[in-house]
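To keep things clear, I will list the structure first and then write my remarks on it.
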Amino acid sequence: MITAGIDVGSLTTEALVYDSERGILGYSIVLTGGSSHEAALSAFEHALKFSGLERDAIEGIVATGCGRGIVEFAPRKVTEITCLAKGASFLFPESRTVIDIGGQDTKVIRVDEKGRVLEFEMNDKCAAGTGRFLEVMARALGVELDKMGERSLKAKKDLTISSVCTVFAESEVISLVSQGEEVEEILRAVHKAIAKRTAGLLERIGGAVPKVVMTGGVAKNIGVVKALEDELGMSLIIYSEPQIVCALGAALLAQEG
């Protein structure tokens, strides 16, 4: 059986094609832009092309993400919480906690041995500690977004950013720059602020129960990963492409009918 999962997020949209016998056949990641509908179609078409399949080969589609309701060609819609738990547990059956940091929100999920959601918390009313937060800080510091993590690891001392609000945190960053602090030290402080905010969310579900899987685009930032591991006192498990875990979960749910 061949199915597809479409994850329509605020910044990016992912599509994944899954075969019950051969596994993941292909996937794509596109910018959502101004039209969630167009992004979903584009991602799906690219994933099909990557898989070498035609549309009629797909036997089931599940849409997820904040824009799932607009995906007209997906007959079934499922929350990203459920899809993340399903995808992470499929990839890493030993996982019991999932941390997902995307463009606009952060989610923490406790799962059981079957990938079912036991508890979850999410920060969806403020961009603090998300991909958007990192974009703002990168712009303030004149650093390329994909270089932030690597540069932060070169920091020689600890600085602190006390605010969890994006606007106020940006002001703190600018203040640190004016005081002559090194960019690397400021970047480490930014990543530590994200780690502390995420740890606070985890406390609401009883803390991080090993093993912990991290998903979402921010999982590609080695500086945030290191800060989280230091904050939690444990290693994180990260899939080779952490942005497609939710779409994978959606495709797996489509397999169940």
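The values are calculated or read from the model by the stated rules, or taken from the named source; none is laboratory data. Predicted model only: the values in this text are computed from it and were never measured. Glycine gets a Cβ as well: all are built from the backbone with ideal geometry, and neighbour counts include every protein chain shown. With ligands, DNA and RNA removed, areas are computed over all heavy atoms of the protein, side chains included. Shrake-Rupley method; radii C 1.70, N 1.55, O 1.52, S 1.80 Å.
Any idea of the accessible area per residue across the chain, 1.4 Å probe, to the nearest Å²? Don't skip to the answer; put the middle values down first.
Details: 11460 Å² over 257 residues.
On a per-residue basis, 45 Å².
Using only the Cα atoms, what convex hull volume per residue in Å³ does the chain have? Could the numbers behind the result be given before it?
Working: hull volume 30.3 nm³, N = 257.
Spelled out: Cα convex hull of the chain, divided by residues, is 118 Å³.
Taking every pair of Cα atoms in segment 218-257, average 1/r, invert it to obtain the Kirkwood radius, and report Rg/Rh to two decimals. Don't jump to the answer; show the numbers that get you there.
On the way: Rg = 13.6 Å, Rh = 11.7 Å.
In segment 218-257, Rg relative to Rh is 1.16.
What percent does the relative contact order of segment 190-257 come to when contacts are Cα pairs within less than 8 Å and at least six residues apart?
Values: 54 pairs, mean separation 24.9, N = 68.
37 percent.
With an 8 Å cut-off on Cα pairs and a minimum separation of 6 or more residues, tell me the relative contact order of the chain in percent.
Across the chain, relative contact order equals 24 percent.
Give the long-range amide H neighbours of residue 118: residues separated by 5 or more places, or on another chain, with amide H under 5 Å away, using H modelled in the peptide plane at 1.01 Å from N.
Residues meeting the amide H criterion: 110, 111, 112.
How tilted is helix 80-91 with respect to the longest principal axis of the chain? Cα atoms for both, answer in degrees (0 to 90, nearest 10).
Orientation of helix 80-91: about 80 degrees from the principal axis.
With a cut-off of at most 16 other beta carbons within 10 Å, and DSSP calling the residue loop, which chymotrypsin sites (Phe, Trp or Tyr not before Pro) in segment 41-87 qualify? Please list them.
On the way: sites: 44, 50, 73; in loops: 73.
Here the chymotrypsin sites (Phe, Trp or Tyr not before Pro) that fit, given the DSSP loop and packing criteria, are 73.
Provide the FRET efficiency to the nearest 0.05 for the residue 119-residue 49 pair, computing r from the beta carbons and using R0 = 35 Å. Provide the component values of the computation, followed by the final result.
On the way: r = 39 Å, r/R0 = 1.11.
The computed FRET efficiency comes out at 0.35.
Under a GNM of the chain (C-alpha, springs under 10 Å), which listed residue has the highest mean-square fluctuation: 83, 66, 246?
66
Out of the total accessible area of segment 1-44 (probe 1.4 Å, heavy atoms of protein only), what percent is carbon and sulfur?
Numbers: 830 of 1630 Å².
Carbon with sulfur: 51 percent of the solvent-accessible area.
Evaluate 2.2 N^0.38 Å with N set to the residue count of segment 69-117, then give the Cα radius of gyration divided by it. Let's see the in-between values first.
Details: Rg = 12.0 Å, N = 49, 2.2 N^0.38 = 9.7 Å.
Expressed relative to 2.2 N^0.38 Å, the Cα Rg reads 1.25.
Where in the chain is the longest stretch that carries no trypsin sites (Lys or Arg not before Pro) classed as loop by DSSP and with at most 14 other Cβ atoms within 10 Å?
Details: sites that count: 22, 114, 116, 125, 154, 156, 157, 204.
Here the longest segment lacking exposed loop sites spans 23-113.
Looking only at GluC sites (Glu not before Pro) in DSSP loops with at most 16 other Cβ atoms within 10 Å, what is the longest site-free stretch of the chain?
Working: sites that count: 21, 54, 59, 72, 94, 113, 144, 181, 182, 256.
The longest uninterrupted stretch comes out as 183-255.
Taking Cα pairs under 8 Å and at least six residues apart, what relative contact order does segment 120-254 come out at, in percent? Don't skip to the answer; put the middle values down first.
Working: 157 pairs, mean separation 35.8, N = 135.
The value is 27 percent.
Nearest 10 degrees is fine. How inclined is helix 222-232 to the longest principal axis of the chain, computing both from alpha carbons?
80 degrees
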